[in-house]
Amino acid sequence: MATAARHDGRRANQLRPVTLTPGFVGTADGSCLIEVGGTRVICTASFAAGVPKWRQGSGKGWVTAEYGMLPASTGSRKSRPALKPDSRATEIQRLIGRSLRSAVHFDRLGENTVVVDCDVLEADGGTRTAAITGGCVALALALDRAQANEQCRRGVLCHMVGAVSVGVVGGRAMLDLDYREDSAADVDMNVAMTGGGKYIEIQGTGEGSPFGADHLDRMLRLAAGGVRKLIRAQRQALRGSKQP
């Protein structure tokens, strides 16, 4: 018997439609608008000379990230943080930063910093994973420009990074949960991986109930397949973009 389709008609192993638009912000060193279903995130990367004080004198650079949701991104208005990000935003931007740092040869970057800003225009699930995937494209473009301008050595980016959500909804493991599925999920997981298929970070929680190794294995297989497709989309977007 055929497995029932999801509420939007997708199969369990199917991503939502993904569009990557590199160079979306013309004034940025690198930028990308990523659209994953109803989720849209603008990612910009800014290259600057210098590193945090604790990194000075090391000869190595740094990559960090900031994340925020625009007031109307969730439908009802979300207040702007007055002085600092809320705890959720802080946790997410740390995840984005860790994921993107795994893609960089810091000795080749030199004592320079790249800040990747991820601003959610519309949120329909998977904003953090979309930010990682789009942020990597923005980072790659910023590094291309810096290398062309001889601000750092060649070969700073060692691999692409992609990320996707998986979960268990109604007893079924599913790839790329939208908000409706995520809000009903028994298990919610975010997986970041390299273009070579290695794991960078796995965040998983049995929110509705504990889960066994069978569901874990199934979710990791779904995530790996999804990230492979996202990496291909990243590479295609970069090939089609104008390099500095």
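Within segment 203-219, restricting attention to residues that are in a helix (DSSP H, G or I) and without any contact (Cβ under 8 Å) to a residue 40 or more places away in the chain, which residue is surrounded by the most Cβ atoms within 10 Å (Cβ to Cβ)?
Filtering segment 203-219 for residues that are in a helix (DSSP H, G or I) and without any contact (Cβ under 8 Å) to a residue 40 or more places away in the chain, the one surrounded by the most Cβ atoms within 10 Å (Cβ to Cβ) comes out as Leu216.
All but one of (1) surrounded by 18 or more Cβ atoms within 10 Å (Cβ to Cβ); (2) under 21 Å from the mean Cα position of the chain (by Cα); (3) within 27 Å of Gly50 (Cα to Cα) hold for Cys152; state the number of the condition that does not hold.
Result: Cys152 passes all but (2).
Which count do you get for residues in segment 83-133 that are part of a helix (DSSP H, G or I), within 11 Å of the chain's Cα centre (by Cα) and hydrophobic (A, V, I, L, M, F, W, C)?
The total comes to 7.
May I ask you to verify whether Leu230 is under 30 Å from Gly26 (Cβ atoms), surrounded by 21 or more Cβ atoms within 10 Å (Cβ to Cβ) and in contact with a strand residue (DSSP E or B) (Cβ under 8 Å, 6 or more places away or on another chain)?
The answer is yes for Leu230.
Answer yes or no as to whether Ala142 is outside any strand (DSSP E or B), at pLDDT 95 or above, on the phi < 0 side of the Ramachandran plot and touching an Asp or Glu at 6+ places or on another chain (Cβ under 8 Å).
yes
Looking at segment 109-163, which of the residues that are among the basic types (Lys, Arg) and either in contact (Cβ under 8 Å) with a residue 60 or more places away in the chain or touching a Cys at 6+ places or on another chain (Cβ under 8 Å) (or both) is nearest to Pro71 (Cα to Cα)?
Residue satisfying both the conditions and the ranking: Arg128.
The values are calculated or read from the model by the stated rules, or taken from the named source; none is laboratory data. Because the structure is predicted, anything quoted here is derived from the model rather than measured. Reconstructed Cβ throughout: ideal geometry from the backbone, glycine too, with neighbour counts over all protein chains shown.
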